[in-house]
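The values are calculated or read from the model by the stated rules, or taken from the named source; none is laboratory data. None of the values given here were measured: they were computed from a predicted structure. Note: ideal-geometry Cβ built from the backbone for every residue, glycine included; neighbour counts use all protein chains shown.
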Amino acid sequence: MSRHTFQLYLTIVTFCTGFLIANSIETTKLTRIERHNNQELQQETQLNERILAEKEQNRHLEVQLLDLQRQVGKVEEAMAQRKSEAAEILAQLEAARMMAGVVPVEGPGIVVSMQDSQNAANSPDVTNYIVHEQDVRLVVNELRAAGAEAISINGQRLVSNSAIRCVGPTIIVNGIKSAAPFVITAIGEPTTLENALNLPGGVLQTLQDFVQIEVTKKDLVQLPAFVGDAKTQNPSS
């Protein structure tokens, strides 16, 4: 083989080797690039899947939150209803306790003072000019009819079974004896109570010719609680 031919072969071999090496390097680069792209695509796909999963989870959480808010709203409504019912029951209880006379009360009202007539000493029949239990009852019943919420006589609170009895010049209320003047205190709308006593042919006109009676409106009167056993009392009217 001639030297020229050998150099030609060597050149061709070198060229082929270089080509193969270059091709191998380029293939390796392309493989690496493709692998990197695949990894990026896989990561992007995983990221999208995570985003979608989190969106779905958030949607479920929003649904749960709305459901919880509705439940809380129902509970709050029920609690408000119970609170309103409890307040109403408490108000009814307080009203019942006041009507039963078991608690002291205060409020606007009137004071009616009754005492024997000054003509009693000069009258042949003194009993016509002194205050009797029926006179006191007449005033009490008229006040009750006019809407009095609570009544006392000389500091004795009247309840449904309170007794008003006359013994000589004295009157016994709830077993307690007291003499004139008899002070009847009533809680209620003052003008209404006063007008009821001043009706034509009513209580004042009936009694004023026989006993002294005075009516005073008050912005505030105080009544004590009933002391005693209402079951042992007799009806007052």
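Data overview
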{"item": "In region 88-136, the residues that are in contact with a strand residue (DSSP E or B) (Cβ under 9 Å, 6 or more places away or on another chain), loosely packed, with under 14 Cβ neighbours inside 10 Å and at pLDDT 80 or above", "result": "104, 106, 118, 134"}
{"item": "Answer from 106, 88 - the residue that is of a type in the set (D, E, K, R) and not in a helix (DSSP H, G or I)", "result": "106"}
{"item": "Residue among 111, 183, 102 that is under 33 Å from the mean Cα position of the chain (by Cα) and closer than 19 Å to residue 226 by Cα", "result": "102"}
{"item": "Flag for residue 184 being crowded, with 21+ Cβ neighbours inside 10 Å and among the hydrophobic types (A, V, I, L, M, F, W, C)", "result": "yes"}
{"item": "Selected residue [farther than 26 Å from residue 220 by Cα, charged (D, E, K, R) and in the same structural domain as residue 223 (by TED's automatic domain parsing)] from 135, 67, 125", "result": "125"}
{"item": "Matching residues in region 76-113 - criterion: being of a type in the set (Ser, Thr, Tyr) and touching a residue at least 24 places away in the same chain (Cβ under 8 Å)", "result": "113"}
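Quick grid of which residues meet (1) under 11 Å from residue 112 (Cβ atoms); (2) of a type in the set (Gly, Ala, Ser); (3) modelled with pLDDT of 90 or more; (4) assigned to a helix (DSSP H, G or I):
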position: 166; (1), (2), (3), (4): no, no, no, no
position: 183; (1), (2), (3), (4): yes, no, yes, no
position: 186; (1), (2), (3), (4): yes, yes, yes, no
position: 191; (1), (2), (3), (4): no, no, yes, yes
position: 195; (1), (2), (3), (4): no, no, yes, yes
position: 199; (1), (2), (3), (4): no, no, yes, no
